[in-house]
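The values are calculated or read from the model by the stated rules, or taken from the named source; none is laboratory data. These figures come from a predicted structure and were not determined experimentally. Cβ placement follows ideal geometry from the backbone for every residue including glycine, while neighbour counts extend to all protein chains displayed.
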Amino acid sequence: MPKASNLQKGNIVNIDNHPYQVKQIDVHTPSARGANTLYKVRFAALITGQKLDQTYKGNDMLEEMVVDKRRVSFLYRDQDMYTFMDGENYEQYTLAAESLEGQIQWLVDGLEGITALLRDGHPLCIELPATIDLEIVDTAPVIKGATATNRNKPATLSNGVSVLVPEYMTTGETVRVNTETGQYMSRVKT
């Protein structure tokens, strides 16, 4: 049972017999003497995706939920259902689009490094890899004299997402993108 002060993003806890994942933690330290540090936690229900905001004191105990983590790869999409395959036993798991809120745009055919969270053999949600490498399919031409400065231009990636990249990048180059923030991180040398 973790204390509220030990919670980390991604932890899964049991609230009213439902699994919730920690999405964001804000720590508020009051200036008054003797006042408790407060932890404002935003949870997302793993089954419904519903958001829940709770405030805890540092010593409040939460019940951690035990889930199985399996390495999976993305196979295909069938309307609003997304299918993943376990890399060890080749079992397939299907999740609805509602359980993949904010992650669908990063699912490209054959994407590996995904972790599926299972409870009693049923998938609850997935965790994407922290970064993903994608090719630039459309961007403005290189500006003459462009250097590695902090000036950016929009680029469309192979998955259809638009990100800001340095102005010296060209179509056909591969870039590394943060799947959580959706921001360009670096150029991938091939």
- Among the numbered conditions (1) surrounded by 15 or more Cβ atoms within 10 Å (Cβ to Cβ); (2) of a type outside the set (Asp, Glu); (3) touching a residue at least 40 places away in the same chain (Cβ under 8 Å), tell me where Met61 comes up short. (1)
- Task: Answer yes or no as to whether Leu38 is of a type in the set (A, V, I, L, M) and more than 29 Å from Arg119 (Cβ to Cβ).
- Result: yes
- Message: So, Lys69, is that one assigned to a strand (DSSP E or B) and exposed (fewer than 13 other Cβ atoms within 10 Å of the Cβ) or not?
- Response: yes
- In the set Ala116, Ala130, the lone residue that is loosely packed, with under 12 Cβ neighbours inside 10 Å, of a type in the set (Gly, Ala, Ser), closer than 30 Å to Val67 by Cα and modelled with pLDDT of 85 or more is Ala130
- Counted residues in segment 115-146 being farther than 23 Å from Asn14 by Cα and touching a residue at least 12 places away in the same chain (Cβ under 8 Å) come to 16
- Task: Quick one: which residue in Arg151, Arg187 is at pLDDT 85 or above and basic (Lys, Arg)?
- Result: Arg187
- Inspect segment 17-35 for any residue being of a type in the set (Lys, Arg), closer than 18 Å to Leu117 by Cβ and touching a residue at least 12 places away in the same chain (Cβ under 8 Å) and give the result as yes or no. yes
- Message: For segment 154-178, which positions are assigned to a loop (DSSP other than H, G, I, E, B) and either out of contact with any Gly (no Cβ under 9 Å at 6 or more places or on another chain) or of a type in the set (Asp, Glu) (or both)?
- Response: Ser158, Asn159, Gly160, Glu167, Tyr168, Met169, Thr170, Thr171, Gly172, Glu173
- Query: Within segment 72-101, restricting attention to residues that are closer than 15 Å to Gln21 by Cβ and surrounded by 13 or more Cβ atoms within 10 Å (Cβ to Cβ), which residue is nearest to the chain's Cα centre (by Cα)?
  - Reply: Leu100
- Within segment 1-48, considering residues that are in contact with a Gly (Cβ under 7 Å, 6 or more places away or on another chain) and surrounded by fewer than 17 Cβ atoms within 10 Å (Cβ to Cβ), the one nearest to Met65 (Cα to Cα): Lys3
